[in-house]
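Undergrad: Let me begin by handing over the structure; questions about it come next.
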Amino acid sequence: MLATPKNIPSSPGVYFFLDKKKQPLYIGKASNIKNRLGSYFHSSKDLRIQQMLDEATSVTWRVLGSEIAFGGFYAIWVYAPRAKPEGALPGPG
């Protein structure tokens, strides 16, 4: 299982869970990256999240000036199709 990363910023941005080939398993956005990533590692009982954490070999992030700077939440659906729930449509989240 992926260990909790250190030195996570408390800033808005985008985070990436990557597999052993450095391909995205999941891409998400957060107004506070530290709090959001902490929710995956400390309190998740969701089986899908646990499976993702088991498969992930790294997590990285990019700090943005604001959550709005993320711009296209649609990128989550384009670049991480394995993370998209079946039948889900792109949209703000």
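The values are calculated or read from the model by the stated rules, or taken from the named source; none is laboratory data. These numbers were taken from a predicted model, which means no experiment stands behind them. Don't worry about glycine lacking a Cβ; one is built from the backbone with ideal geometry, like all the others, and counts go over all protein chains shown. In case anyone asks, the SASA skips ligands and DNA or RNA and just uses the protein heavy atoms, side chains included. Shrake-Rupley method; radii C 1.70, N 1.55, O 1.52, S 1.80 Å.
Undergrad: Just to be sure I understand, how many residues within the stretch 9-40 are among the β-branched types (Val, Ile, Thr) and touching a Leu at 6+ places or on another chain (Cβ under 6 Å)?
TA: Our first condition is that a residue be among the β-branched types (Val, Ile, Thr); within the stretch 9-40, this holds for 14, 27, 33.
Restricting the remaining residues to those that are touching a Leu at 6+ places or on another chain (Cβ under 6 Å) gives none.
Residues meeting the conditions: 0.
Undergrad: Follow-up question, since we're still on this one. Open to solvent by 40 Å² or more (accessible area, probe 1.4 Å) and modelled with pLDDT of 85 or more - does that describe any residue in the stretch 63-80?
TA: Checking the stretch 63-80: at least one residue is open to solvent by 40 Å² or more (accessible area, probe 1.4 Å) and modelled with pLDDT of 85 or more.
Undergrad: Which of the residues belonging to the stretch 1-20 are of a type in the set (A, V, I, L, M) and touching a residue at least 40 places away in the same chain (Cβ under 8 Å)?
TA: Of everything in the stretch 1-20, those that are of a type in the set (A, V, I, L, M) and touching a residue at least 40 places away in the same chain (Cβ under 8 Å) turn out to be MET1, LEU2, ILE8, VAL14, LEU18.
Undergrad: Between a first residue in the stretch 35-62 that is part of a helix (DSSP H, G or I) and a second residue that is small (Gly, Ala, Ser), which pairs have beta carbons less than 6 Å apart while being 6 or more apart in sequence or on different chains?
TA: Going by the 6 Å Cβ cut-off, the qualifying pairs are ARG36/ALA30.
Undergrad: Here is a follow-up. Could you list, in sequence order, all residues of the stretch 6-33 that are closer than 11 Å to VAL63 by Cα, of a type outside the set (Gly, Ala, Ser) and either touching a Cys at 6+ places or on another chain (Cβ under 6 Å) or loosely packed, with under 15 Cβ neighbours inside 10 Å (or both)? Walk me through it before giving the result.
TA: Within the stretch 6-33, the subset closer than 11 Å to VAL63 by Cα is 8-15, 29-33.
Imposing the further condition that a residue be of a type outside the set (Gly, Ala, Ser) reduces the set to 8-9, 12, 14-15, 29, 32-33.
Across the stretch 6-33, the qualifying residue is only PRO9.
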